[in-house]
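One structure is given below, encoded as structure tokens.
Read-outs: derived from the displayed coordinates by stated rules, not from any lab. What you see is a predicted model; the values in this text were computed from it and never measured. Virtual Cβ from ideal backbone geometry, glycine too; neighbours counted across all protein chains shown.
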Amino acid sequence: MQGALTLHQTTVGKKVIMAVSGFILVGFVIGHLLGNLQLYLGPEAINGYAAKLHSMPPVVWTARLVLLFAVGVHIASAFSLWARNTQARGSRYKQRKDLATDYAARTMYWSGPILLAFIVYHLLHFTILPAHPGDVYRNVVEGFQVPLIAAFYIVGNIALGFHLFHGVYSAFQSLGANHPRYNNYRRDLAIAICAVVTIGDLSFPIAVLAGFVTL
Amino acid sequence: MSEELLNLTLHVWRQNGANDAGRFETHQASDISTHMSFLEMLDVVNEELIEKGEQPIAFDYDCREGICGTCGMVINGMAHGPQKLTTTCQLHMRQFNDGDEIWLEPWRASGFPVIKDLVVDRSALDRIIQAGGYISIRTGSASEANELPVAKEDADKAMDAAECIGCGACVAACPNASASLFTAAKIAHLSLLPQGQAERRDRARKMVAQMDAEGFGGCTNHGECEAACPKGVSLRWIARMNRELVRAMVKADTPIQRRDRAS
């Protein structure tokens with residue numbers, strides 16, 4: 001069993017680590033969206049939800065540590081593979097035609113760092129240095145009423161959408177789940193998760209900017 | 001598909017050994033019949049170069065029947081050229097139009113040092129096979145054919161994976177120059193057959209370790225390898241390799257062996 005602890009030493013193992021940590025993060029992103037949707041139920045609902053979470057420090061901190069660990073190993077594996085993969089080509093092709101890959105897959109090395117910057121900003125904005133501690137509703141509405149902040153959230157969540165599409169589809173392959181009979185469902189699932197999360201997350205800054213959600 | 005003769009401009013990568021920087025040279029291919037294979041076209045160009053006292057363009061080939069996996073070059077940015085499921089030697093000039101410009105490059109990968117021009121050293125693939133792509137069996141006279149029953153479905157799958165001819169197009173086409181499709185095809189092929197079970201537990205670990213040691217990149221699931229493969233070897237074998245490796249590493253009691261590039 002201790003052999004599993006050496007998984008990170010191989011390129012295949014690094015992808016397995018990225019897939020497992022990625023699934024943890026996908027699960028969080030979906031749960032996070034479901035919680036945030038209470039913004040549409042008014043200040044009492046979302047502030048009450050936030051207060052309830054904060055009343056359970058062991059649960060919150062366990063989740064935070066798991067997420068921090070998942071993000072850490074996800075980035076460490078990605079960085080190590082990136083370093084290796086850029087070395088592996090040697091000299092560049094003068095002509096190169098892509099036959100199968102898609103935009104989301106080709107831009108993973110862009111969407112990843114954009115996401116990281118977005119997550120750091122997002123945590124500072126709402127969790128670490130909120131303008132009105134305890135009043136989530138007010139923080140969100142006042143924040144998104146600033147067009148530049150809303151724009152950054154929109155860009156960050158579009159990057160999340162692309163990252164999720166390739167990530168979810170690809171994680172199954174990394175974990176060995178590829179069967180001709182089920183591959184279409186795998187693609188459908190990736191599209192569904194990507195669409196729900198992106199549309200849901202984008203709705204918040206857009207709703208505030210458009211004036212649907214006000215103080 | 002006509003009988004017309006093609007006049008083409010070739011931009012060919014010329015490189016005199018691994019330590020040479022390499023450069024493109026432009027040559028004309030004149031009066032090329034559309035019935036010629038791509039390699040026959042290069043033969044014609046080389047005849048002219050030899051007559052002029054110049055160095056012919058070096059390229060690899062053997063059977064010219066699309067089954068040995070020796071030939072291969074990147075033609076206009078595509079490994080083995082524009083026709084699907086076709087090796088360079090089976091690519092015919094009717095795929096091109098009069099006046100076309102054609103860019104010819106070798107497989108570019110750190111694991112495949114250039115020997116000359118379009119010829120690369122693919123012995124890294126041999127070393128991946130040597131690391132674990134074998135079975136232990138009693139040699140001697142042929143055993144009774146039905147002694148080891150193999151389910152039809154398993155036999156079909158093993159044959160699909162075993163279609164790999166080791167040409168290296170997967171490495172050439174992969175954005176990361178990964179040899180995953182090749183390695184996976186070999187691991188999958190043996191893992192499906194009863195003869196492959198004895199070494200199954202260590203095979204994936206050994207072959208993946210060797211693949212990594214040769215300087216190839218990792219798989220990021222773009223699917224370029226499958227699209228370029230002249231034998232249509234499927235990405236599903238990479239998923240199978242991943243399963244084989246995880247299972248082997250969970251069960252293994254010894255740490256993975258570190259391997260050198262040329263062991």
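Descriptive notes on the structure:
- For the segment A:76-89, counting C-beta atoms of other chains within 10 Å of every residue's C-beta and taking the mean gives 5.
- DSSP bridge analysis restricted to the protein assembly as shown gives an antiparallel fraction near 75%, rounded to the nearest 5.
- Backbone amide hydrogens, once placed in the peptide plane, bring residue B:217 within less than 5 Å of B:178, B:179, excluding anything fewer than 5 places away on its chain.
- The order of B:88, B:254, going from fewest to most other C-beta atoms within 10 Å of their C-beta, is B:254, B:88.
- Sum of -39500 (n - 2.57) over DSSP H runs of 4+, divided by residues of chain B (222 nm, nearest 500): -10000 deg cm²/dmol
- Relative contact order of region B:122-251, defined on C-alpha pairs under 8 angstrom at six or more residues apart (%): 34
- Global geometry of region B:5-115, whether rounded, prolate or oblate, following the gyration tensor of its Cα atoms and the 1.5 cut on a/c: oblate
- Evaluating 6.51 cos²θ - 1.76 cosθ + 1.60 at θ = phi - 60° for every residue in region B:226-241, the Karplus couplings come out as 4, 5, 8, 4, x, 10, x, 5, 8, 4, 4, 6, 5, 4, 5, 4 Hz, glycine and proline recorded as x.
- Centre-to-centre separation between the Cα atoms of region B:25-69 and those of region A:1-59: 58 Å.
- Shape class of chain B from the Cα gyration tensor (axes a ≥ b ≥ c, square roots of the eigenvalues): prolate, since a/c reaches 1.5 or more and a/b is larger than b/c.
- 0 to 90° range, to nearest 10: angle between helix B:38-51 axis and chain B longest Cα axis: 50
- Span-like helix ranges in chain A, DSSP H, alpha carbon extent 30 angstrom or more, Kyte mean at least -0.5: A:11-36, A:57-88, A:147-174, A:183-209
- Average other protein chain Cβ within 10 Å of Cβ, residues B:69-75: 1
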